[in-house]
């Protein structure tokens, strides 16, 4: 359903798919590739992790370098890639993978 309502929230250009690809791929890897409930759990978890990770990263850079928080959102695709790396190190089959 998210893709259906996407043009209502962000500008729909041909590059939108590439911007969201890291988040979608991270949700499938974190949840596990062979379990539908894992995909659902991975999507919800990655939504929280991406949002909270970006906020914490902005606060950290603001405290260290006095960087304005609006500049940190450019690094938002970095958070799902870090989540993929951490998940593959801890549980290579995902959270609910068997």
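The values are calculated or read from the model by the stated rules, or taken from the named source; none is laboratory data. Remember, it's a predicted structure, so these values are computed and weren't measured experimentally. Here the Cβ positions follow ideal geometry from the backbone for every residue, glycine too, while neighbour counts run over all protein chains shown.
Out of 67, 13, one residue alone is surrounded by 13 or more Cβ atoms within 10 Å (Cβ to Cβ) and not in a helix (DSSP H, G or I). It is 67.
Matching residues to (1) part of a loop (DSSP other than H, G, I, E, B); (2) in contact with a helix residue (DSSP H, G or I) (Cβ under 7 Å, 6 or more places away or on another chain); (3) surrounded by fewer than 18 Cβ atoms within 10 Å (Cβ to Cβ):
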residue: 20; (1), (2), (3): no, no, yes
residue: 37; (1), (2), (3): no, no, yes
residue: 42; (1), (2), (3): no, yes, no
residue: 58; (1), (2), (3): no, yes, no
residue: 61; (1), (2), (3): no, yes, yes
residue: 80; (1), (2), (3): no, yes, no
residue: 94; (1), (2), (3): yes, yes, no
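Is it true that residue 25 is surrounded by fewer than 17 Cβ atoms within 10 Å (Cβ to Cβ), at pLDDT 85 or above and out of contact with any helix residue (DSSP H, G or I) (no Cβ under 8 Å at 6 or more places or on another chain)? Walk me through it before giving the result.
Details: surrounded by fewer than 17 Cβ atoms within 10 Å (Cβ to Cβ): yes; at pLDDT 85 or above: yes; out of contact with any helix residue (DSSP H, G or I) (no Cβ under 8 Å at 6 or more places or on another chain): no.
Criteria not met by residue 25.
Restricting the first member to region 1-24 and to residues that are more than 22 Å from residue 40 (Cα to Cα), and the second to residues that are at pLDDT 70 or above and not in a loop (DSSP other than H, G, I, E, B), the beta-carbon pairs closer than 7 Å and six or more apart or on different chains are 10/16.
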